[in-house]
């Protein structure tokens, strides 16, 4: 929901109008990027008059930033998907591996699964490609706490790792997740998965990613999900 910090969006009618504007803005910014989207486009898509949009948001830049805060920061709560990792008992290696698997699956689900957040992946991509500094800062702020805790967590499991080795492990975790989010079209084509990630792919991806993160930590392989379907069953043949 829009909160009181959003100025004219405070009252009930204002909130409903702002939601309507942001839904269209989020969709258009996700599809076309910052430069490719104008306020008139948002007005036409949302059915809200140009003057009303300007009254609520003042500028295109403000709409863009509030769209990111609404969909990427507030609705997705990306950092919360990593919380179980810092709560698991590191003295139980199998539990740690399985938690890695579940954290991976949770993050992929909010981006691409059945319960994915509207416009999240499109905006995520646009933040990185548009390079707007304030938008980038909002995205980075989503993971500040996670980035601080991950090296400490790794060191608890492998105290013999050097600082550089820990940093590369953190990069390994992020690279697997980020490529799956950002490189979706390439993966769909390369693996012949059709128009969208099947849930079976997300299950198996989470398992493989956790497996490769578990190896350098000396952890056992994660437990496969009970009904995990091999990805070959999801591939489309020509």
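Within the span defined as the range 52-59, every residue fails to be touching a residue at least 40 places away in the same chain (Cβ under 8 Å), surrounded by fewer than 17 Cβ atoms within 10 Å (Cβ to Cβ) and assigned by TED's automatic domain parsing to the domain that holds residue 225.
Consider residue 86 carefully, then state whether it is surrounded by 18 or more Cβ atoms within 10 Å (Cβ to Cβ) and either over 16 Å from the mean Cα position of the chain (by Cα) or at pLDDT 95 or above (or both). Judged against the criteria, residue 86 is not a match.
To keep it simple, each residue is scored yes or no on (1) surrounded by 15 or more Cβ atoms within 10 Å (Cβ to Cβ); (2) farther than 27 Å from residue 86 by Cα.
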{"position": "130", "(1), (2)": "yes, yes"}
{"position": "154", "(1), (2)": "yes, no"}
{"position": "174", "(1), (2)": "no, no"}
{"position": "177", "(1), (2)": "yes, no"}
{"position": "180", "(1), (2)": "yes, no"}
{"position": "194", "(1), (2)": "no, yes"}
{"position": "198", "(1), (2)": "yes, yes"}
{"position": "202", "(1), (2)": "yes, no"}
{"position": "211", "(1), (2)": "yes, no"}
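Considering 146, 164, 103, 170, which residue is over 22 Å from residue 221 (Cα atoms) and surrounded by 16 or more Cβ atoms within 10 Å (Cβ to Cβ)? None of the other options fit; the residue is 146. Check whether at least one residue in the range 125-134 is under 15 Å from residue 196 (Cα atoms) and either without any contact (Cβ under 8 Å) to a residue 24 or more places away in the chain or assigned to a helix (DSSP H, G or I) (or both), and report yes or no. No: the range 125-134 contains no residue that is under 15 Å from residue 196 (Cα atoms) and either without any contact (Cβ under 8 Å) to a residue 24 or more places away in the chain or assigned to a helix (DSSP H, G or I) (or both).
The values are calculated or read from the model by the stated rules, or taken from the named source; none is laboratory data. No experiment lies behind these values; they were computed from the predicted model shown. Counting neighbours? That spans all protein chains shown, and the Cβs are built from the backbone with ideal geometry, glycine included.
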